[in-house]
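One structure is given here, and the rest of the page talks about it.
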Amino acid sequence: MTTKQIFIDSAFRENSIWKQILGICSTLAVTNLMLNSLIMGIGVIFSLALTNLTISLLRNYIPRSVRMMTQTLIIAFYVIIVDIYLKAYLPDISMQLGPYVGLIITNCILMGRAEAFAVKNKPWDSVIDGIGAGFGYTLVLLAIALIREIMGFGSIFGFTVLGDRWTKWSIMVMAPSAFLILAVFIWIINNNFYKGKA
Amino acid sequence: MSDIQTAGPLSASDQSPPLNERSWYPIAFMLVVSIVFIGLLALFYRSNEPRIRQAQQRAFRSQILSLFTEEIGSVTGLTRAELLSAEELDQNYLRFIKPVLMPDGSSAYYRSLADGTLLGYCFDITGKGLWGTMRALVAMKPDLMTVINLSVYDQMETPGLGARITEDKFRDQFAGKVLYEDDKPVSLTLVPEDAVDPYLTEIRQVTGATITSRSVLDMLYKELTYVRNRIRQEEQK
């Protein structure tokens, strides 16, 4: 497969959320604001790419019986590196992120891509797969956050767009709305692009 | 003849499984990988620790100073930007904020002074949120009854819900609130976030985070009452 195909596959055809139903917890948790979603997405892209690269480099040495422990260790390593770096060099952004960086460790997508791709593919391909999967995840987060932030706060990225006349939907700020929007989102995508292809 | 012997049956050592199929290999591998990655992490943290501590200290100082911007400005004429500028922050902190140890030595509170005038007190208070401990700085006027401002600077609440207690919209409601009358607590009550013209004793809660909003009020009263009593006791001695 070419680099382009790997990217398109992991970002769209095999999208972690709408096709593999991975990373749902964070999708529900952070999509009430677009900024939160974007930050989470960037963190996941970075961690996924580096985790995939490292696991791919070590793939011929990792024993099967401890492969998941090794993957978790490597994921945690990169996520904590990002956290330390932000605290030391970008403290303002680190303050804004709060617990988001740590949440990346628990994201199933990282383990999923390590297991499904990085353990059996070359380092460069694994990096592209990681970036693709992170990109696809970020797109879905932003799409859901767009609906929730507009309806819940009347704003996009914190900038008011609907004014005072708009009655804010409190439910959109809370997690149940993410369940509903995500379900409708997955249904639309699957109905239009995957119907009959299973 | 010697060639034929070499190509004969494998010796005992040749028949042993490759390194990565031996029973001890997973343990050794995990041990080495853990030592390498955790070691790298420790090195990375140690090399950045002074920067992290410095950034945390500056953030804390900035938080305290930001609570007194109006009070300091009214005495000295300094604007908020001048007071909190990166170059002047440490100097301004040392000039206007004086830490004082609690009588029992357990923790500190802060006094803000400008040109010999006491502008107020600042307390570092702790309480339980929905998911963990939260810490806040609350600035009080010298009468120890009126809030100047409040800032929750450390919390583990749900991002986008409870974590919104750190936003200006929530914290600014506390400015000017009278928490004690005749030395008795005045209870603040929570009202919906979209409540129009709340009373002086009402606080608009964060939608979807009633427990967190309530926790801020509980923390405020519980800790403040304790600190006030200790300071009053100390003053009477």
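Just so it is clear, none of the values below were taken in a lab; they were calculated from the coordinates. Source: prediction; values computed, not measured. A quick note on method: Cβ atoms are made from the backbone with ideal geometry, for glycine too, and the neighbour counts reach across all protein chains shown.
Details
- Residue pairs exceeding 22 angstrom between C-alpha atoms, taken from B:LYS98/B:LYS128; A:LYS87/B:LYS169; B:LYS141/B:LYS184: B:LYS98/B:LYS128; A:LYS87/B:LYS169.
- With a simple spin-label model that places each label point 7 Å from the Cα along the Cα-to-Cβ direction, the separation between B:TRP131 and A:THR160 comes to 2.9 nm.
- Built amide H within the under 5 Å cut-off of B:TYR180, gap 5+: B:VAL186
- Residue among B:ARG111, B:ARG22, B:ARG61 with the largest mean-square fluctuation in a Gaussian network model of chain B, springs linking Cα atoms under 10 Å: B:ARG22
- Of the residues A:VAL140, A:TYR85, A:ILE171, the one whose Cα sits farthest towards the positive end of the charge dipole of chain A is A:VAL140 (charges of +1 on Lys and Arg Cβ, -1 on Asp and Glu Cβ, taken about the Cα centre).
- Between B:GLY127, B:TYR153, A:SER155, the Cα set farthest toward the positive side of the dipole of the protein assembly as shown (charges on each charged residue's Cβ, about the Cα centre) is that of A:SER155.
- Legend: ranking of residues B:VAL191, A:VAL101 from fewest to most surrounding C-beta atoms inside 10 Å; resulting order B:VAL191, A:VAL101.
- Exposed trypsin sites (Lys or Arg not before Pro) absent: longest stretch of chain A, with sites in DSSP loops and at most 13 other Cβ within 10 Å deemed exposed: A:1-164
- With θ taken as phi - 60° and the Karplus curve 6.51 cos²θ - 1.76 cosθ + 1.60 applied, the whole-hertz 3J(HN,Hα) list for the stretch A:18-32 is 7, 9, 9, 6, 10, x, 5, 4, 5, 4, 6, 6, 9, 8, 7 Hz, x standing for glycine and proline.
- Estimated [θ] at 222 nm from DSSP helical runs (n ≥ 4, -39500 (n - 2.57)) normalised by residues in chain B, nearest 500: -14000 deg cm²/dmol
- Angle between chain B longest axis and helix B:25-67 axis [Cα atoms, degrees, rounded to 10]: 20 degrees
- The helix-only estimate of mean residue ellipticity at 222 nm for chain A, built from DSSP H runs of length n ≥ 4 each weighted as -39500 (n - 2.57), is -21000 deg cm²/dmol after division by the residue total.
- Legend: calculated FRET efficiency, B:ALA175 to A:THR106, from the Cβ-Cβ distance at R0 = 35 Å, rounded to 0.05, equals 0.40.
- Each Lys and Arg adds +1 at its Cβ and each Asp and Glu adds -1 at its Cβ; summed about the Cα centre, the stretch A:25-125 shows a dipole of about 420 debye.
- Membrane-span-like helices in chain A, defined here as complete DSSP H runs extending at least 30 Å along the helix axis by their C-alpha atoms with mean Kyte-Doolittle hydropathy no lower than -1.0, are A:34-57, A:67-89, A:123-153; this is a sequence and geometry rule, not a statement about a membrane.
- Taking the longest Cα principal axis of chain B as reference, the axis of helix B:210-236 is set at about 60 degrees.
- Annotation for the stretch B:87-178: chymotrypsin sites (Phe, Trp or Tyr not before Pro) lying in DSSP loop with at most 15 further Cβ atoms inside 10 Å of their Cβ are B:TRP131.
- Considering only the stretch B:66-221, percent of DSSP beta bridges that pair antiparallel, nearest 5: 90 percent
- B:GLN54 versus A:LEU38: modelled label distance in nm, points set 7 Å from Cα along the beta carbon direction: 3.0 nm
- Only Cα pairs under 8 Å and 6+ residues apart enter the sum, and on that basis the relative contact order of chain B stands at 12 percent.
- Two-site label geometry, B:VAL100 and B:PHE44: point separation in nm, points 7 Å out along Cα→Cβ: 4.5 nm
- Annotation: the stretch A:133-172 has a Kirkwood hydrodynamic radius of 10.7 angstrom, from the mean reciprocal C-alpha pair distance.
- When only Cα pairs below 8 angstrom with a gap of at least 6 residues are kept, the stretch A:50-198 shows a relative contact order of 23 percent.
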